[in-house]
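Asker: Have a look at the structure that comes next, please.
The values are calculated or read from the model by the stated rules, or taken from the named source; none is laboratory data. As the structure is a prediction and not an experimental result, all values here were calculated from the model. Cβ placement follows ideal geometry from the backbone for every residue including glycine, while neighbour counts extend to all protein chains displayed. Just the protein is used for accessible areas: all its heavy atoms, side chains included, with ligands, DNA and RNA removed. Shrake-Rupley method; radii C 1.70, N 1.55, O 1.52, S 1.80 Å.
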Amino acid sequence: MSDALSTRLVHATGGDAQFGGVHATIHPSVQYAHERVEDLIGVFQGTNKGAFNYARQGTPTTAVLERVVTELEGGVGSISFATGMAALSALFLTLLKAGDHLVTSSRVFGNTNSFFQTLEDLGVAVSRVDAGDVAAVRAAVRPQTRMVFVETMANPSTRIPDLEGIGALCRELGLLYVVDNTVTSPALCQPKRFGAGLVMNSLTKTIAGHGEALGGAITDTGCFDWAGYPNIFAAYRKGDAKGWGLQQIRKKGLRDMGGTLSSEAAHRILVGMETLELRLTRSSDTALALARHLAAHPAIAAVHYPMLESHPEHQRARDWFGSGSWMMAFELRDAAKLHEVINRLRLPLKATGLADTRTLIIPVAPTIFWEMGAEARAAMGIAEGLVRLSVGLEAAEDLMADFDQALA
Ligand SMILES: *Cc1c(COP(=O)(O)O)cnc(C)c1O
């Protein structure tokens, strides 16, 4: 019998074996010394398993976090990074090269989309398609396609790709399927069930949950056969092929690029993660109540939240996540009143960022999606008056009352 998620979360680290401390120890050392020089050599040659070397490649504290994330994702191994973007950029730069082709959704996180422009500059072709429809993904595949990348729930549109259909397509064609699980987190979705080979989580958001620690992680689910992946360096094509992909990301992506998570941040993320299920359940319930309330308000033109029956992928959200998570977006009927309404709100903080304990509000076109221009915004389905809400832990009644007075 396996324990429920909330039970596993509070016991996940196992504490500190030396003194019985209930938290995993924070290891600040950069250097790790060895009794015998043979042991030091073994660290470099991969024969001294589990030993540490230089903290840029990980510490005993980040290793605990990696183990917990791996368990939550049902994977075979994980690598932690300083931020979600450090994890994503390490993944793409390590596994793709000039001449390769990547298929992705036209609706991805703004900075990820911006990073894809860098990839294009480096000679990687990128196709952005309507990932809600697996036929569009199939039509975009070329002989050079190496990878398909989607987010479980698009930020900020809340649209949900055909995660299952794309997984089946990737299996059929032998493509690496990479899923960004940030908005749902492993508490709502394990992308492994759709056949994702790699899963990325921005630990900053749902998992850490308090807006006071940055982090990211990549998990290998064990679903992808790395033996057939052409971009693995010869040095990492040794031993069991199961470990090749993660080994290359750790060496080329973490060691060489250096976007390393600190032990202190790993500790804060582990503490935040203890209440993951509690926070997510509460903020999802509040988000649904608020979404229903706003959808019925005469001043609101549209509310985008997956657990509303009107959402185009409502059935997918119900079947796959069982919840809508903390993110929603809305549009006012009178766009000219947007600033006034936001300024009148008392509780939501006018701030970027997601999955804090406090509700955050931001109009996305003049901020996060400003740099790309109006044409690209339209292509990504970002309405000019779209407002993103990250619902926190305030009482639903307080948030609803606050919106009522601001919209009055
Ligand atoms: C925030 C976010 C990221 C980047 O994570 P950081 O930790 O902020 O670098 C990536 N993907 C999604 C969907 C996000 O919301």
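Asker: Given bins 10 angstrom wide, list per bin the percent of all Cα-Cα distances in the range 1-43, short to long.
Answerer: Calculated P(r), rounded to whole percents: 22, 27, 30, 18, 4.
Asker: Taking the Cβ-Cβ separation of Asp133 and Lys251 as r and a Förster radius of 56 Å, what is the calculated FRET efficiency to the nearest 0.05?
Answerer: That pair, Asp133 with Lys251, gives E of 0.90.
Asker: Quick check: Cα centre of the range 91-113 to Cα centre of the range 160-238, how many Å?
Answerer: Between the Cα centre of the range 91-113 and that of the range 160-238, the gap is 13 Å.
Asker: Moving to a separate point now. As a check on your grasp of the helix formula, calculate [θ] at 222 nm for the chain: sum -39500 (n - 2.57) over DSSP H runs of n ≥ 4, divide by the residue count, round to the nearest 500.
Answerer: So the calculated ellipticity at 222 nm is -10000 deg cm²/dmol.
Asker: Using only the C-alpha atoms of the range 4-97, find the volume of their convex hull and express it per residue in Å³.
Answerer: Hull volume over Cα atoms, normalised by residue count, gives 140 Å³.
Asker: Would you kindly derive the ³J(HN,Hα) couplings of the range 319-334 from the backbone phi angles with the Karplus curve 6.51 cos²θ - 1.76 cosθ + 1.60 (θ = phi - 60°), listing them in order in whole Hz, with x for Gly and Pro?
Answerer: So the J values, rounded to whole Hz, are 6, 9, 10, x, 6, x, 6, 9, 9, 8, 9, 8, 10, 7, 5, 10.
Asker: In nm, to one decimal, how far is the Glu397 label point from the Ala51 one, both placed 7 Å along Cα→Cβ?
Answerer: 6.2
Asker: With a cap of 10 neighbouring Cβ atoms within 10 Å, and only residues DSSP puts in a loop, list the trypsin sites (Lys or Arg not before Pro) found in the range 98-170.
Answerer: Nothing satisfies the criteria.
Asker: Let me ask you something else. Quick one: Kirkwood hydrodynamic radius for the range 152-221, alpha-carbon pairs, angstrom, one decimal?
Answerer: For the range 152-221, inverting the mean 1/r across all distinct Cα pairs yields 12.5 Å.
Asker: Can you give the convex hull volume per residue for the Cα atoms of the range 217-297, as a whole number of Å³?
Answerer: With only Cα atoms used, the range 217-297 gives 188 Å³ per residue.
Asker: Here is a follow-up. In the chain, what percentage of the DSSP-assigned beta bridges are antiparallel, given to the nearest 5?
Answerer: 55
Asker: In addition: Probe 1.4 Å, all protein chains in place: accessible area of Phe224 in Å², nearest 10?
Answerer: Rounded to the nearest 10, that gives 30 Å².
Asker: How large is the Kirkwood hydrodynamic radius of the range 25-155, counting all unique pairs of alpha carbons, in Å?
Answerer: Across the range 25-155, the inverse of the average 1/r is 17.5 Å.
Asker: Enumerate by residue number the trypsin sites (Lys or Arg not before Pro) in the range 310-374 meeting two conditions: DSSP loop (anything except H, G, I, E, B), and at most 16 other Cβ atoms within 10 Å of the site's Cβ.
Answerer: Answer by residue number: Arg333, Arg346, Arg358.
Asker: Using the structure shown, select from Lys97/Lys350; Lys192/Lys251; Lys97/Lys242; Lys192/Lys238; Lys192/Lys252 the pairs with a Cα to Cα distance greater than 30 angstrom.
Answerer: Lys97/Lys350
Asker: Over the Cα atoms of the range 82-236, what radius of gyration and what Dmax do you get, in Å?
Answerer: 14.5, 44
Asker: Give the aspartates and glutamates whose C-alpha is closer than 12 Å to that of Lys49, dropping any in the same chain fewer than 8 places away, or say none.
Answerer: Hits, sequence-local ones excluded: Asp39.
Asker: Then there is this: Loop sites only, by DSSP: take the GluC sites (Glu not before Pro) in the chain that have at most 11 other C-beta atoms within 10 Å and name the longest stretch containing none of them.
Answerer: 36-308
Asker: Any idea what the alpha-carbon Rg over 2.2 N^0.38 Å comes to for the range 276-407?
Answerer: Taking the Cα Rg and dividing by 2.2 N^0.38 Å, one obtains 1.01.
Asker: Still on this structure: Taking the convex hull of the alpha carbon atoms in the chain, what volume per residue do you get, in Å³?
Answerer: In the chain, the Cα convex hull volume per residue is 147 Å³.
Asker: Quick one: accessible area per residue over the range 225-292, 1.4 Å probe, rounded to a whole number of Å²?
Answerer: Computed with neighbouring chains in place, this is 44 Å² per residue.
Asker: Residue by residue, what Karplus-based ³J(HN,Hα) values in Hz, rounded to whole numbers, does the range 108-117 have, using 6.51, -1.76 and 1.60 with θ = phi - 60° and x for Gly and Pro?
Answerer: 10, 3, x, 6, 5, 4, 4, 5, 4, 5
Asker: For the Cα atoms of the chain, what angle does the longest principal axis make with the long axis of helix 163-173, in degrees from 0 to 90, nearest 10?
Answerer: Taking the Cα atoms of the chain, the angle to 163-173 is about 40 degrees.
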